[in-house]
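The values are calculated or read from the model by the stated rules, or taken from the named source; none is laboratory data. Quick caveat, the model's predicted, so the values are computed rather than measured. Note: areas computed on protein heavy atoms with side chains; ligands, DNA, RNA excluded. Shrake-Rupley method; radii C 1.70, N 1.55, O 1.52, S 1.80 Å.
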Amino acid sequence: MAWTDERVELLKTLWSEGLSAAQIANKMGGVTRNAVIGKVHRLGLSGRATPAKPQRGCGPSSARREDEPEVKPQRQEIKSVIPDVDTIAPVVLDSGDKTTVATIKNNMCKWPIGDPAKDDFHFCGQPALTGKSYCTYHARMAFQPPQRRERGEVRRPAAQIAQRRAAG
């Protein structure tokens, strides 16, 4: 498809009206969104009369009357499912010692407690989840869900999510 003078003028007009590149491509026909974007940049058309926004809720049924109060969604309180730290006590072995590198087993929680450079360093030692390194409490601490932002949810690429699931 060649950009004729008529099509370039139509592009300039639609762009100044605030239509998006996809909308312009649909109206013009025979041209892709990316072709429109490329031509806009080559022509140096940077400014717009109005920003391109999707037209949603423009019908009469969606209009709010002036006497109606604006209803804002309520934020729900999220309750923690992680028990208090005081409820998770490190395991004390039959010998009276806490779990160390020398005494820890595969089915025990490997959550480190304390400074490894000091003598009182030990591990949680509670029963670990099957095939995992930590007990339920410490697994929840180690593998927290993505935090939400004020305006929406944090989005992570699918590869990152799959990688975290495989690791946890």
Assess whether THR50 counts as being open to solvent by less than 100 Å² (accessible area, probe 1.4 Å) and at pLDDT 90 or above. no
Is one or more of the residues making up the range 21-29 in a loop (DSSP other than H, G, I, E, B) and modelled with pLDDT of 80 or more? yes
